[in-house]
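What follows is a short report on a single structure.
FYI, it's all coordinate maths here, none of it is from the lab. Quick caveat: nothing in here was measured; it's all calculated off a predicted structure. Note that each Cβ is placed from the backbone with ideal geometry, even for glycine, and that neighbours are counted across all protein chains shown.
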Protein chains: 2
Amino acid sequence: MQIVVAVDAMGGDKAPDEVVKGAAIAARDRRYRIILVGEENKLRECVASVPEASKLEIVPAPEVIDMGEAPAAAVRRKPKCSIVVAANLVKEGRAHAFVSAGNSGACMASAAIYLGLLDGVERPAIAAVLPTQRGKCVLVDSGAVVDCSAEMLLQFAVMGQAYARAVLKVSHPRVGILNIGEEASKGNNLTKAAAALLRSSPSVNFCGNVEGTGLYQGQADVVVCDGFVGNIVLKASEGLAEMLMWYLKESLKKSLLTRIGALCLRSAWRSLKPISDYAEHGGAPLLGVKGVCIIAHGRSNARAIANAIRAAGAAASANLVETVKKGLEESGLAGSYQVAPASDAGEG
Amino acid sequence: MQIVVAVDAMGGDKAPDEVVKGAAIAARDRRYRIILVGEENKLRECVASVPEASKLEIVPAPEVIDMGEAPAAAVRRKPKCSIVVAANLVKEGRAHAFVSAGNSGACMASAAIYLGLLDGVERPAIAAVLPTQRGKCVLVDSGAVVDCSAEMLLQFAVMGQAYARAVLKVSHPRVGILNIGEEASKGNNLTKAAAALLRSSPSVNFCGNVEGTGLYQGQADVVVCDGFVGNIVLKASEGLAEMLMWYLKESLKKSLLTRIGALCLRSAWRSLKPISDYAEHGGAPLLGVKGVCIIAHGRSNARAIANAIRAAGAAASANLVETVKKGLEESGLAGSYQVAPASDAGEG
């Protein structure tokens, strides 16, 4: 079966050009059918310039959300903006997933309002995948909910666990909580309360506190935290990796010997790229909504967009939404919490 | 004038051997006189094995704090443990500064209880120095206070600013707040309230929100955050740098060509080390106490200890405590807040 992915072609710093190029790269793979959503004339122009033009469908969306607008209000006021039209394609069953590199608040709000939340989910969470010394780690929440309750962290754990099982194919994911020490006595008010909840939940394979160092050592397959901390860890990691690469490049310029060395090391550099380069990771799924929604980096280039589309395809093929729903039901969470009014979504 | 530094010789994963070796390295510099504090017989033995033995003084401290003990209670119950004896050498004017790589909670508690807090300081904060693309950045708090108020973040800003001026010699430090977006509307409840306070404070040179990426790009000279976030950013950075170096080393093993490349690049590696290696940075000062206290990494080796002693010397020479005190007074903070009971200190 072909996976149909709706792409918000107007979202991101390099939209629509790089988004269309990225969609074209992904469209070379026959498993995907791609729908570009956005301003019709602009998109026709962009699509005409790529060799895969015949493989790209366009669905018009005349409205545009500005960076300054409050996300939840904007997506309600502009139902014909690209991000809402893309979300609605998923809702109407015309696409299996949607991808956006636009305003992440607007993306979350569109998903929460138009797709709706799964039963038992107070707030959807972003699940970013980080590389570790032992493989991969899912960090939930990576920036959706900045002020969390302990109960929300439990929901993130259950959803992250389902994602690790379904998409990353980890059969018994170990779930940890991001904290400032390994001992149970460590932490702030939130993590102490959440750790107690996680420890007593029979459906979570809880392995305890994970420190910042432990995150990259691969101490857990799923690490929960509030979206404020998650976003800062993610962006600080990106900044540090960029800085280290920059320093290394600067010092390579210094002598002929180091330049020869750098030449010999080209393949090693390449193997490092997937670890330090956000574009390799594509996008992060928003967990807890009734449909597959992939949030891509605002700075996404064509390669990052292509990878985000592949991430959407993988999530849809793995029945991510059904798996998360089942996880919430089996944990007894479904039905036990009030669903927050959708207008609260997308504050970050 | 010689700077006298008291070193808790029993603190840290590699104590006392590496601590004594580190003290010996630092003692080669005649500007420092070093007092080792700890179990007398053990220290005599260690000191006898280093060539700089004659330059190292020993002050006995028979009691030991265990990792499991509650820090504040332990330092009250054991006034003859090495960390308390070292703090008291500063209090009594027999040393200009003290250094410890031991339990950081016990270190903070010793400083808060035995040295006391400066007027206007609710809780002392750890000021770690990070490398950036433009130089250095002071991250306050890096792990002392895990649940902060907006007022505390303002105090951290004033103290961090004083530290950047006095020790890092930045004449007009730009102060930012660690946040999830650059726009003023972004953040969690704490950062929104703290940013408003910082913006309205005439004595803080506030430059707005700094994202995780901006931290390493050098957008500010001082970045404030609560100790939970600061500790996690610091440790995640350490973990990521270790992981990147590990990946690179692994990929270098793969072929003769990459091995030749690595050989040519040896000097470039070395220039990268100070950036990725915690041992280069030595320790972080605890700001807000009435004396210079440097908290070193628990994993400190001899080189890290030597650098922590140098950091203590630099802080003492720069009159750090007086500068912080003056900063608090000039900001109108001194006297305006109640000093918290010392038993609350060192919870982290």
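What to note about this one:
- Taking the Cα atoms of segment B:125-278, the ratio Rg/Rh between the radius of gyration and the Kirkwood radius comes to 1.08.
- Nearest residue to the symmetry axis between A and B, taken on chain A by its Cβ, in whole Å: A:261, 2
- With both labels modelled 7 Å from their Cα along Cα-to-Cβ, the residue A:73 to residue A:203 distance reads 3.7 nm.
- About the Cα centre, charge dipole magnitude for chain B (Lys/Arg +1, Asp/Glu -1 at Cβ), debye: 1220
- Mean Kyte hydropathy of -1.0 or more with a Cα span along the axis of at least 18 Å, helices from DSSP in chain B: B:150-166, B:227-252, B:302-317
- Beta bridges by DSSP in the protein assembly as shown, antiparallel share as percent, to the nearest 5: 30
- The ranking of B:303, B:28 by Cβ neighbour count inside 10 Å, starting from the fewest, reads B:28, B:303.
- For the peptide A:242-249, the mean number of other protein chain Cβ atoms found within 10 angstrom of a residue's Cβ is 6.
- For segment B:125-278, DSSP calls about 40 percent of its internal beta bridges antiparallel.
- Percentage, to the nearest whole number, of Cα pairs in the protein assembly as shown over 39 Å apart: 37
- Relative contact order computed over chain B (Cα-Cα under 8 Å; 6+ residues apart), in percent: 25
- Peptide A:256-266, shielding by other chains (average Cβ, 10 Å cutoff): 6
- Long-range amide H partners of residue A:292 with built H, under 5 Å: A:98
- Chain A, Rg to Rh (Cα coordinates; Rh as Kirkwood inverse mean 1/r): 0.99
- Take every Cα pair under 8 Å whose residues are at least 6 apart in sequence, average their separation, divide by the length of segment A:125-278, and the relative contact order is 29 percent.
- Each of B:13, B:226, B:8 has some number of other Cβ atoms within 10 Å of its Cβ, and from fewest to most they run B:13, B:226, B:8.
- 5 Å binning of all Cα-Cα separations within segment B:65-141, expressed as whole percents from 0 upward: 3, 15, 22, 21, 17, 11, 6, 3, 1, 0
- Relative exposure of B:32, B:247, judged by other C-beta atoms within 10 Å (fewest first): B:247, B:32
- One Cα centroid belongs to segment A:103-122, the other to segment B:107-135; the line between them spans 41 Å.
- If R0 is 25 Å, the Cβ-Cβ spacing of residue A:1 and residue A:53 corresponds to a FRET efficiency of close to 0.60.
- When the alpha carbon coordinates of segment A:8-96 are projected onto the principal axes, the ranges are 38, 27, 18 Å, largest first.
- Antiparallel DSSP beta bridges within chain B, as percent of all bridges there, nearest 5: 30
- Loop-located GluC sites (Glu not before Pro) in segment A:84-163 (DSSP state other than H, G, I, E, B) with a sparse environment of at most 10 neighbouring Cβ atoms within 10 Å: A:92.
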